[in-house]
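Reading through the structure tokens given below for one structure.
The values are calculated or read from the model by the stated rules, or taken from the named source; none is laboratory data. Computed from a predicted structure; not experimentally measured. Neighbour counts run over all protein chains shown; Cβ positions are idealised from the backbone, glycine included. Surface accessibility is based on the protein's heavy atoms, side chains included, excluding ligands, DNA and RNA. Shrake-Rupley method; radii C 1.70, N 1.55, O 1.52, S 1.80 Å.
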Amino acid sequence: MSSASATESHITSYPKFVGRSLWLATEGSLGFYAWMTMLTAVFLVGANAWANQVAGGMIGTNMTDQVSWGLYIANFTFMVGLAAGGVMMVIPAYLYHDRKMHDVVIIGELLAIAAIVMCLMFVVADLGRPDRFWHMMPFIGKFNFPISMLTWDVIVLNGYLLLNLHICGYLLYMRFLGLKPNPVWYVPFVMLSIVWAISIHTVTAFLYCGLGGRPFWNTALLAPRFLASAFVSGPAFIIVAMVLIKRLTGVVGLDDPIATLTRIIRVTILVNLLMVASELFTEFYTGGAHASAAKYLFFGLHGKTALVPWTWTAIGLNMTAALLFLWPGLLSLRWRPLLVAACAMAFVGAWIEKGMGLIIPGFVPSTLHEIVEYVPSQLEWKVTVGIWAFGLMVFTIAIKTALPTLKQPAEH
Amino acid sequence: MATTEPKKLPTLPVIENPTRRAAVKGGFATLGAAAFVAAVSPLRQAAKTATAAEFMQKHYAELTPEQKADVIARLEAEAAEKYGAEVTIADDRPIPGTKFVYAINLSVCNGNGKCVEACHKENNHDRATNQSYIRVLEMPKGTMDMEQGSTTYTGTVPKDDKFYLPVQCQQCDEPPCVDVCPVKATWKEDDGIVVVDYNWCIGCRYCEAACPYHARRFNWKAPEVPAEEINPDQSYLSNRVRPVGVVEKCTYCLHRTRRGKLPACLEACPTGARVFGNILDPESSIRWILENKRVYILKEELGTKPAFFYFFD
Ligand code: SF4
Ligand code: SF4
């Protein structure tokens, strides 16, 4: 069971590498097995809920003809952001040649893989006829390209997934063979992935802001806002992941990347708040019918207030997180728990802002100005949590396959 | 399992007794897989109702006449089996030289809702949800701002200080719903009617989000209609009973209008507020109205170019 020799053909040694990685990724402490068992259990609950949804129709969700997208699409949008946010490690590593970041950049890329897998699962969960998914496949189905923004999204998301699979796969595989990665085989792809990360979130924003009949989404600021919040939530997740990795596995050299990401969030979180503020200014200062969705979101409309608690929670979390990130002490090792808390707040804040706070008010009031409220059903929560559990499983396994590589810098 | 591990290679530790570990892991994997199969077992129920022929069916536009005949025979048999109703499903095609448009006289409409009801019955809508393609807004006089309107008004109509605005699919000439569909399950036909292939739609509901007139409906569950209430005069692209999980919409009753009849909502309207016809026919009353009345359209600023007009006397 030694490393495959470099002279062996890739046809045989690549599967060997994958098998070995999987083998290793499923080795671990009791805590690790407990964690994976827990995730599996939650995932199974979600899978069961989804199967029931398919069997019984989407009547099991609380969506309606007025609010025709709900928790699934909200999570989908957020996950696209998380996938794009991983690029905030890639940029310093490759564009600014940050050596320390370079050693651990693969964490961001693996996060992108897990996040895109979750995106695709959320889209499938939202389909009324998942059995007809093949209608969406280019060539065998009927792909409405380039007119439908959704087909663009299918392309960019799958492209991003492939790009990251290639980059991570190649780097880890070379490590497995005991070879030095040849930059020709990955640097161009990394550069491409930077542009691509921006594109996935831009296209996802275009899905919404291209709809003239939905004034709440119909704003040119949507794509930049998406990016800004992605560049908060992505790094926030990675910081927490790195703190955990350091704790649990003893990988060293993570403190500098954590500091870099903290400095990045310090800026992006402010940019995000600024954009939110300017949108709100246009909405409320101008007023009129176009502001009714925003009014509903912040204060409720005609006595309907389902989203108001969500909104103010998000604002509270985002503001507190922003203040914490502005404080220089947050960078010090002593305040790690506080940093983790700030990241968690920023993460949850972005999740609400981009999910319940963006998708739902697009539908309330409806295009005929009916106010039909939406609160996700238990089934929707189960499916959603199940997909999150699966995503975390993918991410855990992915990180474990990369651990030998991550530990590498310490060895020389 | 507490074996001492031998000296590790720098990157890939060698695990002692891999066969035993493999057996344990294999056991867990099998368990997991079995649990997964159990968890998704409701899918088997769903698969029972979907046949292979239905799964493989091509897009409407790609069906040969023979295939179409097969599909229609299958759908008729399904209606008999599931709903206990003898139905005929035709494949009504647009009549060349026809472009259908609709107009409503708002001075006359009194909000009685007969059109809503007629649509419900004609198009075999789900009885429990009381679905219809038409929504009537009760609006305060003196405004066109829909925000002031109400779709859930009660009491005797018409009320003195109100007017009534029925809204259904506007059969837009620039239909955003068609543009956004990722699989071309919905399109505009030559006579101006926007249709959906219920056997191709994947149920993403993007079109529902894109339509500015709330004209599309999703089948959150399979429609329930008692056998004796089913309207047996059906068309593939129109009022046949829809499958669960797909989007549907008003088709100007193409199973009637393409056969020279009038839409059900128009026939049901007791006030005569509704006018329907072929705009390309210079003799038609609809043409006269569009030429002689002050006509306007809803949400003109969105550029959807409706084929649905409103006018006052
Ligand atoms: S009214 Fe709505 S459903 Fe009808 S054609 Fe226009 S956009 Fe499409
Ligand atoms: S719900 Fe059906 S018709 Fe509407 S956009 Fe999706 S696939 Fe097309």
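Worth pointing out:
- Each listed q (0.11 Å⁻¹) maps to a log10 I(q)/I(0) for the range A:20-162, found by the Debye formula over equal Cα scatterers with no solvent: -0.60.
- Relative contact order for chain A, counting Cα pairs under 8 Å that sit 6 or more residues apart, in percent: 29 percent
- Report note on the peptides A:185-197, B:161-173, A:65-77, B:118-130: ranked by the mean count of other C-beta atoms within 10 Å, highest first, their order is A:65-77, B:161-173, B:118-130, A:185-197.
- Helix-derived mean residue ellipticity, 222 nm - over chain B, DSSP H n ≥ 4, -39500 (n - 2.57), to 500: -8000 deg cm²/dmol
- Three-way shape call for the range B:23-90 based on the alpha-carbon gyration tensor, with the a/c threshold at 1.5: oblate
- The accessible area of A:TRP310, taken with all protein chains in place and a 1.4 Å probe, comes to roughly 70 Å².
- Helix content alone sets the calculated 222 nm mean residue ellipticity of chain A: runs of n ≥ 4 DSSP H residues at -39500 (n - 2.57) each, divided across all residues, give -24000 deg cm²/dmol.
- Cα Rg, Dmax (largest Cα-Cα span) when computed across the protein assembly as shown, Å: 28.8, 96
- Heavy atoms of B:LYS261: accessible area, 1.4 Å probe, square angstrom to 10: 100 Å²
- Shielding by other protein chains, A:360-368, mean Cβ within 10 Å: 4
- Residues of the range A:149-263: accessible area per residue with a 1.4 Å probe, Å²: 37 Å²
- Across peptide B:38-48, the mean count of Cβ atoms from other chains lying within 10 Å of each residue's own Cβ comes to 6.
- For chain A, the longest principal axis of the alpha carbon atoms and the long axis of helix A:30-56 meet at an angle near 40°.
- With every protein chain in place and a 1.4 angstrom probe, the accessible-area ranking of A:HIS290, A:HIS135, largest first, reads A:HIS290, A:HIS135.
- Whether the range A:138-258 is rounded, prolate or oblate, judged on the alpha carbon gyration tensor where a/c under 1.5 counts as rounded: oblate
- Once the convex hull of all Cα atoms in chain B is built, its volume per residue stands at 229 Å³.
- Computed from the C-alpha gyration tensor, the three semi-axes of the ellipsoid equivalent to chain A are 36, 26, 20 Å, from longest to shortest.
- Ordering B:ARG20, A:ARG20 by accessible surface, largest first, gives B:ARG20, A:ARG20; the 1.4 Å probe counts only protein heavy atoms, with every chain in place.
- Inter-chain shielding of B:58-70 (mean C-beta neighbours from other protein chains, 10 Å cut-off): 1
- Bins of 10 Å from zero: percent of alpha-carbon pairs in the range B:7-164: 7, 17, 18, 16, 16, 9, 8, 6, 2, 0
- Taking all Cα pairs closer than 8 Å and separated by 6 or more residues, the relative contact order of the range B:67-136 comes to 19 percent.
- Sorted largest first, extent of the range B:93-136 alpha carbons per principal axis (Å): 39, 31, 11
- Rg/Rg_globular for the range B:168-275, with Rg_globular taken as 2.2 N^0.38 Å and Rg from C-alpha atoms: 1.08
- Summed side-chain charge close to A:GLY212 - residues other than A:GLY212 whose Cβ falls under 14 Å, Lys, Arg +1, Asp, Glu -1: -1
- Cross-link pairs beyond the 29 Å C-alpha cut-off, checked among B:LYS141/B:LYS293; A:LYS295/B:LYS162; A:LYS382/B:LYS121: A:LYS382/B:LYS121
- Angle between chain A longest axis and helix A:222-249 axis [Cα atoms, degrees, rounded to 10]: 40 degrees
- Cα gyration tensor shape for the range A:278-412, rounded if a/c is under 1.5, else prolate or oblate: oblate
- Look at where the Cα atoms of the range B:181-245 and of the range A:245-281 average out, and the two centres are 46 Å apart.
- Degrees separating the helix A:308-326 axis from the principal Cα axis of chain A, which is the longest one: 40 degrees
- Relative intensity of the range B:84-220 on a log10 scale, I(q)/I(0) at q = 0.10, 0.22 Å⁻¹, equals -0.42, -1.46, per a Debye sum over C-alpha point scatterers of equal strength in the absence of solvent.
- B:ARG259 exposes around 100 Å² of accessible area when a 1.4 Å probe is run over every protein chain in place.
- Antiparallel DSSP beta bridges within the protein assembly as shown, percent to nearest 5: 75 percent
- A:PHE390, A:PHE176, reordered so the largest accessible area comes first (probe 1.4 Å): A:PHE390, A:PHE176
- Carbon plus sulfur fraction of accessible area for the range A:26-127, probe 1.4 Å, in percent: 71 percent
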